[in-house]
Structure formats: structure tokens, C-alpha cells
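This report concerns only the one structure given below.
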Amino acid sequence: MEAGHDALIVHTGSVGWFHASNHYLRYICDWMREGVLIIPTDSNKPLTLLSFFTQSVLLPPGGEPVLVEDIWQIGPIGREYADRPGDSVVKTAEKCAELLAGMGLAKAQIGRIGDRTSLTFWAALDEFMPKTKFVADNAILDRTQKVRSPREIGMFRAAAQLISIATQAAYHVAKPGVTDHEIYAAFTQAQLSYGGETGDGYQIGINEFGTHCGKPYGHVVRPGDLINLYVSNVTYRGYTAQTARMIAVGGITKRQEEVLEACIEGVKRAERLIRPGALMRDVNNAAFEPMIERGMLASPEARTMPYNWAPMDDGSARLIPRQYVKNIDWEAQGRKLMHVYPATHGPHNPNLGHSVGMAGGQNSFNISSHNYDRMEEGMVFVLHTQWLEPLSAGCNVGDMYVVTRDGFENLSRHTPLETHRIAAEA
């Protein structure tokens, strides 16, 4: 109403591996697949959903859409798919225009919320409704992602507990002789069996430098390895959690121990400052103090900080060093590692952390040196300190927090932040 809209149209597309392209419909009405939701401003007009216009096999989605009265099945059509004329996106726009006209909104002001998958739909709707004023207004929903309700925090808490259960499963199986596939599988089975929704939202990295983090490829754990469990998304009922933990197998180098110590201490220093009213800049800068004290960094300022994926100082592209790096498990598959990753030393990102939200959502805020916002009760975020030195040392550790009335709750406290140690003997 404040924006002057007579209705909102919310579009969520479908992307690879049968995922919705954004979190908006899940947040509004708990619809897990693609759809177009019409939300009239007038409360006496019903919410209407148009869906089933892609080839997604999610049928039916989990549960009913909340608050919605009518659901229209558009149907994926086209010559290749169904040997029928037509385009599903155009058909969706056509029906959407018809429904809006039936609500008396053919000449209205309507807010549009979507993402890059929405562009073709918006263009078709413009053609069908030339007298309607459409206004892009994602901010209406994006603003709601900054401070969470008590019930939402309960979902985040459950997702974080899934991570803790899965991390302990990974600790249980990790030992010399097992593969990254087996560790990843143990983590996955544990969290999925207790209600996790996906198995593709986290990474594992293992080598003797602690500097790689990706998907499993067949690395066999050996003494001297550093293992990074970088959990960037375990989802419970649409809400996600994020943590990072390190595992050391047998003895590691002095430099590796120094890097692990600096990163762990950084998270702990930042954690002490979390409370309503705390400046996000101060929380960020506290985490980089241990690195500055050890001569690893000169400043916590993001603008001046080296980081792993940075371009050159003048903004031009950086050439990744071409060099043979021995990797016997990769070579056993007939491949060779011929580049050095990361291309430069420093943290993975030039900041400490960011908000944690729903699956498919974007960060509503970053915890960085240039963020002068203050923390509020109900904010949920991850603090992860990271440091990588090519072919030398690396660490990525972090916990997930919610700001409470008098301080904070560490949602991922059930597994210690400290490095998990595994004996060198199998």
C-alpha cells in the first residue's frame, strides 16, 4: 500500500537439478516449485497461484501453498516436449493478465518481484497489459530477510543442529584410507535422515596444504592432510544454516598450526562483540586482529585487503599461475593439476561473514569493514574466518549466530570450533 501498488506479482522460475530459482514463493506461501503468485492489495481479493509450467518432476510439492485459494496448472507444452503448439511462459503471462483483468487491475500499478528467470515472463506480460504500470519492487520482500521472527529462528536453529549431527558423522568416518566421497556421504546421510532437504549445499576440501575446497573427486585421506568441511547450505523446511570446520590428520606444519590458531581466535574475538547495537564494522575488524598481530595482514579494511579471488590492484584480470602440482588421486584418473589455486594469498573473502537466510536467497547484509549498520535482535548470520596461502597453509572456520535481546546465541555450538584431530594411523 505504501508503494501505491494495487497488487504484487511474484515470479519464481526453475533452475537445474529441480530447484526453484529464488526463495520468494517458499517464504510467502511455502511453495517449493516454480510459480507466479498474484497478491492483491485489497484483502477481500484472494491470492492466486499459477504453476506447473516447467518440466520439474516435483509433483506434488511438499504440502499446500499457505493462504492461496486457486491454483492454475499452465502445463509445460511446446513441440519438442508435447508436440503441441505454444510456449509455456507466454501461456503463463496470458493467464496472469486474464486473472488481473478479472480483478479490475488492467489499468493498475502492480509491483513485480522476481529474478533473471523472470525476464521473458515480464516481457510477455507487458505485451498483454500495455495500460498497466509495472514497477520492479524486490525490496518489499528483501527487507523482510534482515530480521527474523522467533518461529523463523527456530527453523535456523534446527538447520544448524542438522549440521552438527552431520559434522559429527563426518568426524566419525574420517581417517587415513577413506575417500572424500565417503566423508561427504556420511555427512549427507546424517543430515538428510533427520530432515535435511538437499545434499548439494556444502563443500569438502582435502590436501596437504588445506587450500582446496570443492566437491569430492576421489581424494584418499593421508597423514598430513587438512580437511575443510565448508557447509554453505544445509536446509530445513526452506531455512538454511552455515558453518565451517577443519580436520587435521596426524602431524601438520608449524605454519599450518599458526594459520589455524589465528582463524579460530578471530571468530572468538568477533563473537564477544555480538549484541544489539554493535557496529558490524567493529565485529568484522575484531576477527582480523589475530592476523594483523601475526603479520599476515596490515589492515582489516576490505578495500585494501588481499583475498583469494581478487583481481589485480588496478582492477584488471589476474592470471592464475600455471604450474604442475602433484596430486596422485587426480592423476590416477588420468588428469593433472596444472594451475595453482588460489591464485593469491589472503582470506577467501575480504570480510568476515554475512546474513544467512532461506535456500535460494541472497545475502541481505555482509559483515565487513565498510558496513556501519548496527546489529538488531533477530538478525541471523555466519562469522567465518578464512586464510589460504597457495601450496602452504589454509583454514576456514566459522559459526552461525542469532542476535538475542541481551547478546547472542551460537546456533552451531554443538561441535567445537577448534580443529578436530585424527591420528595418523588408519
Checklist outcome for this item: Here the residues within region 358-373 that are open to solvent by less than 90 Å² (accessible area, probe 1.4 Å), at pLDDT 95 or above and part of a loop (DSSP other than H, G, I, E, B) are Phe365, Ser368, Ser369, Asn371, Asp373
Next on the checklist: Give all pairs with beta carbons closer than 6 Å in which a residue from region 16-37 that is more than 18 Å from Ile74 (Cβ to Cβ) and crowded, with 23+ Cβ neighbours inside 10 Å meets a residue that is small (Gly, Ala, Ser) and at pLDDT 90 or above; count only pairs at least 6 apart in sequence or on separate chains.
Outcome noted: Arg26/Gly238
Checklist entry - Considering region 411-426 alone, what residues qualify as being of a type outside the set (Asp, Glu) and in a loop (DSSP other than H, G, I, E, B)? => result Leu411, Ser412, Arg413, His414, Thr415, Pro416, Leu417, Thr419, Ala423, Ala424, Ala426
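Per-residue answers, yes or no, for (1) farther than 20 Å from Val397 by Cα; (2) touching a residue at least 24 places away in the same chain (Cβ under 8 Å); (3) crowded, with 22+ Cβ neighbours inside 10 Å; (4) in contact with a Cys (Cβ under 7 Å, 6 or more places away or on another chain):
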| position | (1), (2), (3), (4) |
| --- | --- |
| Ile163 | no, yes, yes, no |
| Ala174 | no, yes, yes, no |
| Phe187 | no, yes, yes, no |
| Leu192 | yes, no, no, no |
| Gly196 | yes, yes, yes, no |
Checklist outcome for this item: Filter region 271-304 for residues that are without any contact (Cβ under 8 Å) to a residue 60 or more places away in the chain and open to solvent by less than 20 Å² (accessible area, probe 1.4 Å); the one that is nearest to His370 (Cα to Cα) is Ala286
Checklist outcome for this item: Scanning region 102-139 residue by residue, those touching a residue at least 12 places away in the same chain (Cβ under 8 Å), open to solvent by 50 Å² or more (accessible area, probe 1.4 Å) and of a type in the set (A, V, I, L, M, F, W, C) turn out to be Phe128, Ala136
Checklist entry - Scanning for something free of Cβ contacts under 8 Å to residues at least 40 places away in the same chain, surrounded by 19 or more Cβ atoms within 10 Å (Cβ to Cβ) and touching a strand residue (DSSP E or B) at 6+ places or on another chain (Cβ under 8 Å), does region 390-413 turn up at least one residue? => result no
Next on the checklist: Give all pairs with beta carbons closer than 7 Å in which a residue from region 313-339 that is β-branched (Val, Ile, Thr) meets a residue that is part of a strand (DSSP E or B); count only pairs at least 6 apart in sequence or on separate chains.
Outcome noted: Ile320/His339; Val325/Leu337
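The values are calculated or read from the model by the stated rules, or taken from the named source; none is laboratory data. Bear in mind the structure is a predicted one, so any value in this text is a computation, not a measurement. FYI the Cβ positions are ideal-geometry reconstructions off the backbone, even for glycines, and counts take in every protein chain you see. Ligands, DNA and RNA are stripped out before the accessible areas are found, and what is left, the full protein with its side chains, is counted by its heavy atoms. Shrake-Rupley method; radii C 1.70, N 1.55, O 1.52, S 1.80 Å.
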